[in-house]
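Notes follow the structure.
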Amino acid sequence: MKAIILSAGQGSRLLPLTETTPKCLLPVGDKPLLVRQIEGLYDCNIKEIVVVTGFATAAVEHCLREITKEELTLRVIFNPFFNVADNLASCWMARHEMDDNFILLNGDALFETAVCERLLEAPAGAVTLATDRKGRYDSDDMKVRLDGTRLIEVGKDLEPENIDGESVGMIRFQDNGPSQFVEVLEQIMRTPNCLSWWYLRAIGVLAERGFVDTWSVNGLRWCEVDFPQDLEDACSLFAAAPDRANRRIKLVS
């Protein structure tokens, strides 16, 4: 199993923290966010990891060179469109790495190892989206509508009555899932406005075709880091003393 991490963005909503430092290198306790992601994947026995970079790529590449773990292979793909495109373009830049089973991970998603483990243990399916549930969703949550475990729709603008949870920013592709995803990426990247779209638009297309299942990670620790308060909360959740870190905290993304 390979992992692809989308870490090309600056993280403008975290300014001035990200004025010269990309979001993925912001410290969460004593480690950059990206390092914590890689360590979590490594603990799940994922030892081939591709990082898509963009803003301040030299700093990210330097950080990756400092990571030394047995049998770990790290590769970098530079996305030159990072300043004018959303993460659909980052996926498209990495399409040649999607030639076998892989996990796709948002560059701002932190998670305890059990989140990835649970997704890897999900029933066989071409595309499996990790989801969670909470009592209230805000405008920035990537919400999902389900039919059982089958994904029907994903997006930020779902009506409240159609919301069955939210994406946690981690997706497993296996069997014909990688080729189906690449095919849709190629199609969408040939359309107008494609640079302003998230890769979840491609997941939505696959959902319409009945290719996408979901698997709940409810009760496990994870978060997204979009705003300064998120970063403070992430430090409390993942870099605090063990008794505090074991508390269930769901951050507002």
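The values are calculated or read from the model by the stated rules, or taken from the named source; none is laboratory data. All values reported here derive from a predicted model rather than from experimental measurement. In this analysis, Cβ positions are derived from the backbone assuming ideal geometry, glycine residues included, and neighbour counts consider all displayed protein chains.
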Residues being under 17 Å from Gln187 (Cα atoms) and either among the hydroxyl-bearing types (Ser, Thr, Tyr) or in contact with a Lys or Arg (Cβ under 7 Å, 6 or more places away or on another chain) (or both) - total across segment 69-99: 2
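Any idea which of Glu112, Glu66, Glu71, Glu19 is at positive phi and at pLDDT below 95? Give the steps one after another, and end with the answer.
Details: Glu112 fails: at positive phi; Glu66 fails: at positive phi; Glu19 fails: at positive phi.
Answer to the selection: Glu71.
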Matching residues in segment 28-63 - criterion: being free of Cβ contacts under 8 Å to residues at least 24 places away in the same chain and among the hydrophobic types (A, V, I, L, M, F, W, C): Ala58
Residue that is more than 15 Å from the chain's Cα centre (by Cα), small (Gly, Ala, Ser) and within 30 Å of Ala58 (Cβ to Cβ), where the choices are Ala109, Ala85: Ala85
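Can you tell me which of Tyr42, Tyr137 is more than 16 Å from Trp198 (Cβ to Cβ), over 18 Å from the mean Cα position of the chain (by Cα) and aromatic (Phe, Trp, Tyr)? Reasoning before the result, please.
Working: Tyr42 fails: over 18 Å from the mean Cα position of the chain (by Cα).
Being more than 16 Å from Trp198 (Cβ to Cβ), over 18 Å from the mean Cα position of the chain (by Cα) and aromatic (Phe, Trp, Tyr) holds for just one of Tyr42, Tyr137, which is Tyr137.
Which is surrounded by 17 or more Cβ atoms within 10 Å (Cβ to Cβ) and of a type in the set (Lys, Arg), of Arg36, Arg75, Arg65?
Numbers: Arg75 fails: surrounded by 17 or more Cβ atoms within 10 Å (Cβ to Cβ); Arg65 fails: surrounded by 17 or more Cβ atoms within 10 Å (Cβ to Cβ).
Just a single option satisfies the conditions, and that option is Arg36.
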Pairs where the first residue, in segment 167-191, is more than 19 Å from Leu120 (Cβ to Cβ) and the second is assigned to a helix (DSSP H, G or I) and among the small types (Gly, Ala, Ser), C-beta under 6 Å, 6+ apart: Val184/Ala202; Leu185/Ala202; Ile188/Ala202
Residue list for segment 66-88, filter: outside any loop (DSSP other than H, G, I, E, B) and in contact with a helix residue (DSSP H, G or I) (Cβ under 6 Å, 6 or more places away or on another chain): Leu74, Val76, Ile77, Phe78
